[in-house]
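The values are calculated or read from the model by the stated rules, or taken from the named source; none is laboratory data. Source: prediction; values computed, not measured. Here the Cβ positions follow ideal geometry from the backbone for every residue, glycine too, while neighbour counts run over all protein chains shown.
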Amino acid sequence: MSDVVIRAEGLGKKYLIGHEGKRESYVALRDVVARNLKGFVRSAGDVLSGRQLIVGDEVEEFWALKDVGFEVKRGEVLGIIGRNGAGKSTLLKILSRITEPSAGRVEIKGRVASLLEVGTGFHPELTGRENVYLNGAILGMSRAEIKRKFDEIVAFAEVEKFLDTPVKRYSSGMYVRLAFAVAAHLEPEILVVDEVLAVGDAEFQKKCLGKMGEAASGGRTVLLVSHNMVAVRSLCRRCLVLKQGRLLHDGPTDNGIATFQKQTVNSGAVRLWNDRASAPGNDVVKIAKVAVASDSSDPNQQITMKSPFRVDVNYFVNKNNVRLHLMFHLFNEHGVLVLTTAPPSMEHKNAAYSSTCEFTGGLLNEGTYSLKLQVVEDNWHIIYVHENIASFDVIDFEPRAEGWMGREPGVVQPEFPWRISELAAS
Amino acid sequence: MSTLSSELSPPDASRGREPAPSPASERVIILESGRAERNYWRDLWHYRELFAILAWRDVAVRYKQTAIGLAWALARPFLTMVVFTVIFSRVAKLPSDGSAPYPILVFAGMLPWFLFSSVLSEASNSLIGNANLISKVYFPRLVIPSASAVVALVDFAVNLAMLALLMLWWGFLPGWRVILLPAFVALAVLASLGPALWITALNVKYRDFRYIIPFIVQFGLYVSPVGFSSAVVPEKWRFWYSLNPVVGVIDGFRWCLLGGQSPFYPPGFLVSLAVVAFFLWFGVHYFRATERAFADMI
C-alpha cells in the first residue's frame, strides 16, 4: 500500500500522576528521616538519569491515548472528533512529533505541518517582515521558500504599509492576519489542523476553513480536529471518534457523528445532592437536583440549536409561609449574560418542590452555556445565589445553505420568519 | 483495503487531480516509544536555517531592546579590566606573564571568561524562554540552546575588537599563535555548552535550577585565572587547578594572544580538555535523553 501516508498501530500515551500515600497514625522522627532520605536518594537518581520525577508515594498511570490504530491515505481529509479530554490533542501532538508515544508506533510519509496555533514564535520587538521569516522558519519553511512567497503572504495579510513596524504596535487583527497568512502558505504533504485555530472572528474562520478545503482539493492529506460537526461533515468523508483515549469509531463521517452524539450527555447536565446537609442552599431553601436535558424521549439526546430543552430543579423549603421564586441567569462561554428567566413568585410551605423551565428550540447559538441560580424572596430580596449550578453544550450539526460551516457570530441565533417577494414593476 | 479505498477517499478523489508533492522527496518517519532517532544529527543539519534565524532573532532583539546595548557591551569588560588591574596588579602585586602589560593579561583572560559565562547563562535559560515553541512545533531541541550561544559570540566579537585597540595602544602585538585563537574560542563555547545543556534540560522540570547560574558565574570569576596569571598557582596545585575547564581555556587564550610569554602547561591543558569533553558528552547525553519529554513538562 504505497499511498498510505500515516499508519498508526497500537498508539498510546501515558502520563504518570503521583499521589500522596496514607500516612501512619503516629509519626516517628526515625521513619520521617528514613522515608525522606529514601525519597531524596530516589529523586536524585531520577534527576541524574533523566527520568521523570514523581511527587508522592503512589504512582498512578494515566493513559491519555490507548491502543489507537488507523491508516490515512494520500489526499484524504480525516476528521477527528471527541469530547474534551478524549485524546484528540494528544494524538495530534504525537503525529506532529511534539511529544513521543509511550506505546505503539506511527509511520509518517512526508512533511507534517500543524496549525496548532497561529503566530507561534512571533516576537513583539521584531518587524512584520522579520517575523514572517522567523515564523516561516519555525513552521518549517526554507528561506528560499519564504522569499518566493513573501509578497503573496503580505498581500494575503493586507499589512503592506506596516511591514517595517514592530508587531507589538500592530492591532490584534493585523497580528492574527499576518500570523495566519504565514501558516496558510505552508505547503506540507500532511496538514494537521486543530480547533483552536477557529477562535478568531467569523471571517477569519471562513478563511481557515476555505484554505483547508483548498489544501484538500489540492491533493494534500488533512487531519481536522473539531467540535464543529458541520465542518467535519462537509469536509470529511471519514472520521475517527475518540473517547477517553480509545478509538470508538473509524469509518464514514455520518456514522461517526451519530456515535459521538450517542455518548452520554455532558456530565455537568445532571447534578444530584442526596445528602441534605451538604446540599447547596441556605436555611430556607436546599437544592436537591438540577438537570438539563433535551426535551425528547431519549434522555441521552444532545441539545441542538433547533431542539427545545428543559431545566428541572428539585428543592426543599424549610419554612412555612414564605413567598419565593427560583430564577436563572444563562451565560455563554464568554461570560456574556444571554438571558434571565423567572417564574412568578409563589407561596411555599415546608415541603419538597420541583420546578421546570422549558426553553424553546431555535433560540441559542452553538456553544457551552452555564446557569446561575438565584432564590428570591418576596419578589425582590435575593436570599441565595449559586454560580454555575449546571452547564451544558448546544451543538449544531445541520448544514446550512451556501456551504458556510462555521459558527455564526452572535450571542443568540433565533429562527425568525423571513418573507421575500418580488415587487411589481412600476 | 483496496475495496475500502474507493469508499473512503474524499468526495472529489475521482476528479483525477495530480497527486501532491513528489513522493521521491519524502522521508518516512517512524515514531515509537524510546526510539533513539537514527538520523538525529542529520535532522539537526536539516534545521540549520532555523538555527540561523533563531540566533539572528536573539541578537536582533538584544540590540533592539536596549538603547545602550553596544555601550553596555563595551563598558562592562572595560571597567572590570580596570578594577582587576588595580586590585591584582597594584594592590596584590601579582606578576604578569613575561613582559605583557597587566591590563592586556586581564583582558585576555576576561574575554574567554565572559564568553563562557554568557553562553552558560543564555543557553541555560533558553528552553524556558522558548516554551511556546517547544509545546507547539517540532524541531531538534538542541537548536534552541546552541542558537542562544550566538548572542554571546557577538558580544565576544565586540570585546575582541576592544582588545585589539588596547594592544595597539600598548604597542604589544601577538605573534603567529593568534591564528589558533578560533580553536580556543570553539573550546570556550563547548566548555560552557556542556553544563548549559544539562542545566537547561533540568530547568524544564525543576525551575529552581536556574538560580545556580548566577552563583557559578560569580564564584567562577574568582576561582578561574581571570584577574591573575595561572602561573601564580603553586606548581603542585597546578594539575588539580586545571580540573576547572575554564583554566585550560584561559591559558590557551593567553598563550595565543600574549605571544608565547604566557607559559603553557600541557598536562593541565589535557585535564581541562578531558573535563570539557566529559561535560559536553554528559550534557548532550542528558539533553537527548530528556528532550522527547520536554513538551509534556514545559
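Considering segment A:378-393, the residues that are surrounded by 17 or more Cβ atoms within 10 Å (Cβ to Cβ) and of a type outside the set (S, T, N, Q) include one that is nearest to A:V317 (Cα to Cα), namely A:Y384.
When B:F228, B:F287, B:F264 are checked against the criterion of being in contact with an Asp or Glu (Cβ under 7 Å, 6 or more places away or on another chain) and among the aromatic types (F, W, Y), a single residue qualifies: B:F264.
Is it fair to say A:I94 is within 11 Å of another protein chain (Cβ to nearest Cβ), assigned to a helix (DSSP H, G or I) and in contact with a strand residue (DSSP E or B) (Cβ under 8 Å, 6 or more places away or on another chain)?
Working: within 11 Å of another protein chain (Cβ to nearest Cβ): yes; assigned to a helix (DSSP H, G or I): yes; in contact with a strand residue (DSSP E or B) (Cβ under 8 Å, 6 or more places away or on another chain): yes.
Here the answer is yes, as A:I94 does meet what is asked.
Being small (G, A, S), at the interface with another protein chain (Cβ under 9 Å from one of its Cβ atoms) and more than 12 Å from A:A183 (Cα to Cα): is that true of A:S172 here? Let's see the steps before the verdict.
Details: small (G, A, S): yes; at the interface with another protein chain (Cβ under 9 Å from one of its Cβ atoms): no; more than 12 Å from A:A183 (Cα to Cα): yes.
Judged against the criteria, A:S172 is not a match.
As a summary of the residue check, A:V375 satisfies the conditions (1) modelled with pLDDT of 90 or more; (2) exposed (fewer than 14 other Cβ atoms within 10 Å of the Cβ); (3) β-branched (V, I, T) except for the one numbered (2).
When B:V150 is tested against (1) under 9 Å from the mean Cα position of the chain (by Cα); (2) over 19 Å from B:I216 (Cβ atoms); (3) surrounded by 22 or more Cβ atoms within 10 Å (Cβ to Cβ), exactly one condition is not met: (3). Scanning segment A:97-137 for residues that are more than 7 Å from chain B (Cβ to nearest Cβ) and among the β-branched types (V, I, T) yields a count of 4.
For B:Y102, the conditions (1) touching a Phe, Trp or Tyr at 6+ places or on another chain (Cβ under 6 Å); (2) more than 14 Å from every other protein chain (Cβ to nearest Cβ) are fulfilled apart from (1). The set of residues in segment A:263-285 that are modelled with pLDDT under 80 and surrounded by 13 or more Cβ atoms within 10 Å (Cβ to Cβ) comprises A:Q263, A:V265, A:N266, A:G268, A:A269, A:V270.
Beta carbons closer than 7 Å, at least 6 apart along the sequence or on distinct chains, pair a first residue in segment B:272-298 that is within 14 Å of chain A (Cβ to nearest Cβ) and without any contact (Cβ under 8 Å) to a residue 60 or more places away in the chain with a second that is crowded, with 18+ Cβ neighbours inside 10 Å and not in a helix (DSSP H, G or I) for B:A289/A:G50; B:R292/A:E100; B:D296/A:T99.
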